[in-house]
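Comments concern the structure below.
The values are calculated or read from the model by the stated rules, or taken from the named source; none is laboratory data. For clarity, every value in this text was computed on a predicted model and none was experimentally measured. For neighbour counting, all protein chains shown are included, and Cβ atoms are generated from backbone atoms with ideal geometry for every residue, glycine included. With ligands, DNA and RNA removed, areas are computed over all heavy atoms of the protein, side chains included. Shrake-Rupley method; radii C 1.70, N 1.55, O 1.52, S 1.80 Å.
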Amino acid sequence: MSIETEKYILDAVTLTDAQQKMRRRRNIAIALILAALPIMFFASTIIRLGANVADRTF
Amino acid sequence: MSDMNVEIDTKQTSHGLNAMVGEDMADIRDYFELLKPSVMRLVVFTALVGLVVAPGYIHPFNGFISILCIAIGAGASGCLNMWYEHKLDALMSRTKNRPIPSGRITPDQALTFGLILSVGSVAMLGTLVNWFAAGFLAFTIFYYVVVYTMWLKPRTPLNIVIGGASGAFPPMIGYASVTGDVSIESLLLFLIIFMWTPAHFWALNLYIKRDYENANIPMMPSVRGEAHTRKQILAYAYITAICGIMPSVLGFAGVIYGVSALVLGVGFIYFSHLVYKHDKGAIAIKSAKNLFAFSLLYLMLLFTLLLVEHSFNILFTFNIIQFLGV
């Protein structure tokens, strides 16, 4: 079987170290927010349920 | 299966660079700057006072969620304001280094960021606290972005008078987070900030008038003249001082607050009189700067007094254990 060689031209840039660092910081911030949201919703739900959280009569 | 050697050639075209540079030049700090943190601080503080002053009980965690949502909503308003005004911001020395005019964030990114935060803060406040407060927050964002930024600001020198309402709503939202409604007490908190805003902003306008003129924003000193603005500042200072003591007069606050509000109100009127009296030269600019600085101190002290007084009431009049939800 012959080997096909194809050249792809990608329309892209190479990020500098500073840009990569800033992208990483943005990603970490988004990750922290995404982790905090369900924790806040869970905590608020438990607080609203109050003593009823132990009621498992269903 | 065929063997394929893929040779990748990365090519830096102008299109590619334009698409990437805006996105990757932005740091977290730039996004934070879009939220107007200095305005957000004042919003958080006044909303906290509204929340503490309100009768009734809210669990401290839900209280924290309320303040967080109000802060994010206020930040979203600031972000959408910067998106809409980025061309004007480039013309003013005070704002030309903001993230959008300086090119660190693209307008589309700011718009997306602002909209996500607006919807997110309202949805979260509604789901976790109450929908009345959430509706109020949504209205405040709409009022600041559409009514003030897009409609009033470029059209009338009364922009700051009517638009100032958006800065006065946060304590009412904090209050509504606890009670789920509006009362005379929360309306008073609104009125104090609403009446305080024109004197505060016009004092600033008196010494940075040229910036607003360059951007063609019709502020009172440029449109109606400095003499008229000085009269208006004085009138609003008197009204603010009267509104400031009303919580004590109507029995919502104690004697310590009342006496302090009276003294601070006299100070506010005194500094406004100096602005009215000195209308030429370096002393006129100094008077305006002094009034601007004192107006900030006035509002901070007034709301701090309310916060401290009501915090003591909560801790000593009511049961501390019930407050902590233990």
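The set of residues in the stretch B:78-94 that are under 22 Å from residue B:143 (Cα atoms) and under 21 Å from the mean Cα position of the chain (by Cα) comprises B:78, B:79, B:80, B:81, B:82, B:83, B:84, B:85, B:86, B:88, B:89. Which of the following residues is crowded, with 22+ Cβ neighbours inside 10 Å, among the β-branched types (Val, Ile, Thr) and under 18 Å from residue B:63 (Cβ atoms): B:145, B:122? Answer to the selection: B:122.
Mind listing whichever residues of the stretch B:265-275 are within 17 Å of residue B:193 (Cα to Cα) and crowded, with 21+ Cβ neighbours inside 10 Å? Passing the criteria: B:268, B:272. Mind checking whether some residue in the stretch B:96-111 is part of a helix (DSSP H, G or I) and touching a residue at least 60 places away in the same chain (Cβ under 8 Å)? So far as the stretch B:96-111 goes, yes, one or more of its residues are part of a helix (DSSP H, G or I) and touching a residue at least 60 places away in the same chain (Cβ under 8 Å).
The rows are residues; the columns are (1) touching a Pro at 6+ places or on another chain (Cβ under 8 Å); (2) within 7 Å of chain B (Cβ to nearest Cβ); (3) modelled with pLDDT of 90 or more; (4) open to solvent by 100 Å² or more (accessible area, probe 1.4 Å).
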| site | (1), (2), (3), (4) |
| --- | --- |
| A:4 | no, yes, no, no |
| A:16 | no, no, no, no |
| A:19 | no, yes, no, no |
| A:24 | no, no, yes, yes |
| A:30 | no, no, yes, no |
| A:33 | no, no, yes, yes |
| A:37 | no, no, yes, no |
| A:50 | no, no, no, no |
